[in-house]
DNA sequence: CTGTTAGCGCATTCAT
DNA sequence: ATGAATGCGCTAACAG
């Protein structure tokens, strides 16, 4: 089956085509000044020998590893990670770069080790991704090469970063509800101590304020990101004197719990209560009944942006580092209705 | 910030420590015959110079890339991919190997390109993972290096593979229901034309048969993997003359639809109907009301197994290739009840 | 247009 | 125990 045939080198190709190695190298690298005749002979030899250039040798010679490092903390726990990685990987691949991925589970020792390995392999840059937006503290070694933060930022903002525009998403969701005539709009947010929660809340309040709606905490709750808090707070909210006519949820999972509670209360979505989620977690949002309108976090695009930035900024990557906020688009499904149209 | 200081080589370290490069190389590789004195001087020099060995150079010299390739088709569409990758990556990392990940979206051209790149980089082996179990046809080039199939297999079984034990899972779920006293057990399976569906059905039938229960198609349905088919068939099944007392679902998403339908029919899980899912898709299974008992597909372990196999079998990887089936454990939550105990 | 040559940084002989 | 020399496969610089 597998022939353990000796490695085929550029020299073998050169011999086979009766030329010098330099000429072979030229056709390998698409150099123009090669006669058609020799080029064809060489290409034939390459095909016959099934020759593949040895990447490490080329790398050593050209000092170009054509590789980015991708470090993540606790990638395991979230399905969104896939899109982040895919956006980065696709973009890298299109530019003849490959991704070396290491998952550190947030373990600082592994993290340092990961960076060391990437230094050794001379990656052209590092993407450091977290699974939810937060402030990170990275080993100083990252400053030795271009580094881009995905879904996180350093306290001093010295590293470029790309994060979702949480506030924009919160604003858009709230404004959408307002434009559908809602005035009593509840918000079951994420856990209070997160950047995402803070941003979404800011957007929620900004929208209410802009449309001259009262901004109180009467309709505001902080959950735990999961379905059970949506369930619990939906009950609580609907028992208020003037219950909300719409509920904006910090995650689709929260919305899932809200749906359950509403159903138990014999309340109908969207006829009785409109609901908007956050995340566009396919498996939930698309299959809830009715399908959930929600804000999408553009993970794929964020991954793409990170690689594009690294690709572009090689020379001046540490001056004026971008702090990009990506817009979260609204995904319309069937959980929002004009008030009074029920 | 970033000093563009010249690359530090082993020669620099040697000079700094007033020794030859050979000696430095020896301490780098933990060679025994070095006097304590020199070793310490060298280690000091390494630290002071912040020297890192150049991986490509070492690779070229030792012909050891310490890298595995990980190729996936359409990784994007499924959250399970993360666990597969993580299992592989963690295991690789523990053995000083890194993973080069390429996602081909099932595009044959990209696939060939991916394999070519990995050949160039001299990966020690390739893991080819699909997002659901199926028969694959790979470029012949994979036979040039150790290759392991994850969640798929070739028609001729010439490549080692690891897949979930679908039939075992189907058997276990059905048997669990039977042991809880159920006799009319419905099965809303996946789409009919998949390996997973075929295996799970086989297990379902085997269990019924083993416990002398009738095997008909009366309680059998083939859905489309998603919640809507669960919803539809649950209605259909519960309107039968002798409706099932338990429903085994081909995916947790199907179970999600079943829950919805059951609730609309004012039927209670598990008091009126017991339900078991498949996949243990955290976001669904753990947060449905009541939490869903389900079969877990051991993706993490599958990823680990693949790397372990590659790590172990370097010499004889193509003789008697394993076709490993991984047991799917039952995850007990609250959707199953003894019949009659309601 | 093409052949020859000199390293890239390292691990490994072979001497010593 | 250690230094010097060799070559891994390749690209680029230099001759022709």
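Could you please find all residues in the stretch A:129-141 being in contact with a helix residue (DSSP H, G or I) (Cβ under 7 Å, 6 or more places away or on another chain) and in a helix (DSSP H, G or I)? Write out each step before concluding.
Initially, the stretch A:129-141 is screened for residues in contact with a helix residue (DSSP H, G or I) (Cβ under 7 Å, 6 or more places away or on another chain), giving A:129, A:131-134, A:139, A:141.
Once the filter is applied, which keeps residues that are in contact with a helix residue (DSSP H, G or I) (Cβ under 7 Å, 6 or more places away or on another chain) and in a helix (DSSP H, G or I), the stretch A:129-141 yields only A:141.
If you check B:283, B:297, B:273, which single one turns out to be more than 21 Å from residue B:338 (Cα to Cα) and either more than 12 Å from chain A (Cβ to nearest Cβ) or in contact with a strand residue (DSSP E or B) (Cβ under 8 Å, 6 or more places away or on another chain) (or both)? Break it down into steps so the answer makes sense when it comes.
Details: B:283 fails: either more than 12 Å from chain A (Cβ to nearest Cβ) or in contact with a strand residue (DSSP E or B) (Cβ under 8 Å, 6 or more places away or on another chain) (or both); B:273 fails: more than 21 Å from residue B:338 (Cα to Cα).
Only one candidate qualifies: B:297.
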Completion exercise
Selection over the stretch A:25-34 where residues are modelled with pLDDT of 95 or more and more than 7 Å from DNA strand D (Cβ to nearest atom) yields a count of 2
Handout entry: Yes/no for residue A:47 being modelled with pLDDT of 90 or more, farther than 25 Å from residue B:124 by Cβ and within 16 Å of DNA strand C (Cβ to nearest atom)
Key = no
Handout entry: Residues being touching a residue at least 40 places away in the same chain (Cβ under 8 Å) and under 22 Å from residue A:327 (Cα atoms) - total across the stretch A:171-184
Key = 6
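Return the only residue of B:201, B:149, B:159, B:208 being closer than 17 Å to residue B:254 by Cβ and surrounded by 20 or more Cβ atoms within 10 Å (Cβ to Cβ). Walk me through how you get there before you give the answer.
Values: B:149 fails: closer than 17 Å to residue B:254 by Cβ; B:159 fails: closer than 17 Å to residue B:254 by Cβ; B:208 fails: closer than 17 Å to residue B:254 by Cβ.
Sole residue among the options that is closer than 17 Å to residue B:254 by Cβ and surrounded by 20 or more Cβ atoms within 10 Å (Cβ to Cβ): B:201.
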Fill in the blank from the handout: Those residues of the stretch B:35-67 which are facing another protein chain (nearest Cβ under 9 Å) and either in contact (Cβ under 8 Å) with a residue 60 or more places away in the chain or over 37 Å from the mean Cα position of the chain (by Cα) (or both) amount to B:50, B:59
Completion exercise
Considering residues that are under 25 Å from the mean Cα position of the chain (by Cα) and closer than 20 Å to residue B:236 by Cα, the number found within the stretch B:175-191 is 5
Fill in the blank from the handout: Of the listed residues (A:228, A:260), the one being within 13 Å of another protein chain (Cβ to nearest Cβ), more than 27 Å from the chain's Cα centre (by Cα) and without any contact (Cβ under 8 Å) to a residue 40 or more places away in the chain is A:260
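I need the full set of residues from the stretch B:96-128 which are in a helix (DSSP H, G or I) and either more than 7 Å from chain A (Cβ to nearest Cβ) or in contact (Cβ under 8 Å) with a residue 12 or more places away in the chain (or both), in order please.
B:108, B:109, B:110, B:111, B:112, B:113, B:114, B:115, B:116, B:117, B:118, B:119
What about residue A:89, is it at positive phi and either in contact with a strand residue (DSSP E or B) (Cβ under 6 Å, 6 or more places away or on another chain) or within 16 Å of DNA strand D (Cβ to nearest atom) (or both)? Reasoning before the result, please.
Values: at positive phi: no; either in contact with a strand residue (DSSP E or B) (Cβ under 6 Å, 6 or more places away or on another chain) or within 16 Å of DNA strand D (Cβ to nearest atom) (or both): yes.
Answer is no for this residue.
For residues that are near DNA strand C (Cβ under 9 Å from one of its atoms) and part of a helix (DSSP H, G or I), scanning just the stretch A:12-23, find the one that is farthest from the chain's Cα centre (by Cα). Steps first, please.
Restricting attention to the stretch A:12-23, the residues satisfying the condition of being near DNA strand C (Cβ under 9 Å from one of its atoms) are A:14, A:17-23.
Those left that are additionally part of a helix (DSSP H, G or I): A:14, A:17, A:21-23.
Values: A:14: 46, A:17: 48, A:21: 44, A:22: 43, A:23: 44 Å.
The residue in question is A:17.
The values are calculated or read from the model by the stated rules, or taken from the named source; none is laboratory data. Here the structure is a predicted model, which means the values were calculated and not measured. Positions of Cβ are generated from backbone atoms using ideal geometry, with glycine treated the same way; all protein chains shown enter the neighbour counts.
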